[in-house]
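> Questions regarding the structure given below will be posed in turn.
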Amino acid sequence: EVARQHMQKLIQHEAHQASHDQLSGLGNRNRLQQFFRQIGSTEAKYDFLLIDLDGFKSINDTHGHNAGDFVIKAAAARLKEVTESEDLLIRLGGDEFLVIAPTGDTTLKKMNEYGTRLIEIISRPYPANGKVLRIGASIGHARYPVHGKSPSQALSLADKALYVAKGAGKGVCVTFGVAPKIKAQRKSVLQKKTA
């Protein structure tokens, strides 16, 4: 009986390891594929929030990979704190995260506002070993099945929206098919004040 229980725990541990990112503890691409198979035949609606950390490369370049690993872990911990228990959190790799949230009766506008709030939370300073590490975030948002006929297509459209967010000055959440609010460049704002 003890051996059987030990074997069962070992199998569960290996299954968890196979579907979770070791650094962040979030789900990985295997877990995402499992989820896609689960919801493929249901009537459920989900919002896909694809998050890219802005300025992450400079953390690695300036402070080293240990600092980069610290930021990934800390950003993942912040996401866990502010998302709902039924949300699926995925680290796609590098500095890309994905939040998949059941839509419920949330409007696209409200979900976009939620994305903006996630950006604020992720962008707060990260104190580490006497230093303060700073990153930002940009988010692309799409809804399944409103925007994409399949979960993978919705993710692809969230990626397109993320590309638009990056082009709009970073630090914004862009919903697929909705024109972004372009962030005013600091320089042009200063020029207007002096004109």
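The values are calculated or read from the model by the stated rules, or taken from the named source; none is laboratory data. Everything quoted here is computed from the prediction, not taken from an experiment. Counting neighbours? That spans all protein chains shown, and the Cβs are built from the backbone with ideal geometry, glycine included. Only protein heavy atoms, including side chains, enter the accessible area calculation; ligands, DNA and RNA are left aside. Shrake-Rupley method; radii C 1.70, N 1.55, O 1.52, S 1.80 Å.
> Do any residues in region 90-114 that are farther than 21 Å from residue 57 by Cβ have Cβ atoms under 7 Å from those of residues that are open to solvent by 60 Å² or more (accessible area, probe 1.4 Å), where the two are at least six apart or on different chains, and which pairs are they?
Between residues of region 90-114 that are farther than 21 Å from residue 57 by Cβ and residues that are open to solvent by 60 Å² or more (accessible area, probe 1.4 Å), the close pairs are 101/84; 102/86; 103/45.
> Out of all the residues in region 162-176, which are in contact with a helix residue (DSSP H, G or I) (Cβ under 8 Å, 6 or more places away or on another chain) and either in a loop (DSSP other than H, G, I, E, B) or among the acidic types (Asp, Glu) (or both)?
Result: 171, 172, 176.
> When you scan region 78-116, how many residues do you find that are open to solvent by 40 Å² or more (accessible area, probe 1.4 Å) and of a type outside the set (D, E, K, R)?
Counting residues in region 78-116 that are open to solvent by 40 Å² or more (accessible area, probe 1.4 Å) and of a type outside the set (D, E, K, R) gives 10.
> Follow-up question, since we're still on this one. Regarding region 135-154, can at least one residue be identified that is within 30 Å of residue 18 (Cβ to Cβ), free of Cβ contacts under 8 Å to residues at least 12 places away in the same chain, open to solvent by 60 Å² or more (accessible area, probe 1.4 Å) and outside any strand (DSSP E or B)?
Looking through region 135-154, at least one residue is within 30 Å of residue 18 (Cβ to Cβ), free of Cβ contacts under 8 Å to residues at least 12 places away in the same chain, open to solvent by 60 Å² or more (accessible area, probe 1.4 Å) and outside any strand (DSSP E or B).
> Given the options 68, 115, name the one that is under 22 Å from residue 163 (Cα atoms) and in a helix (DSSP H, G or I). If you could, list the steps in order and put the result at the bottom.
On the way: 68 fails: under 22 Å from residue 163 (Cα atoms).
Just a single option satisfies the conditions, and that option is 115.
> Do you know which of the residues in region 71-102 that are of a type in the set (Gly, Ala, Ser) and in a helix (DSSP H, G or I) is nearest to residue 22 (Cα to Cα)? Show your work before the answer.
Just the residues of region 71-102 that are of a type in the set (Gly, Ala, Ser), to begin with: 74-77, 85, 93-94, 101.
Adding the requirement that they be in a helix (DSSP H, G or I) leaves 74-77.
Values: 74: 14, 75: 14, 76: 12, 77: 13 Å.
Selected residue: 76.
> Does any residue of region 44-55 turn out to be more than 22 Å from residue 161 (Cα to Cα) and either open to solvent by 40 Å² or more (accessible area, probe 1.4 Å) or in a helix (DSSP H, G or I) (or both)?
The answer is no; no qualifying residue exists.
> Which one of 129, 66 is more than 26 Å from residue 19 (Cα to Cα), modelled with pLDDT under 95 and of a type in the set (S, T, N, Q)?
129
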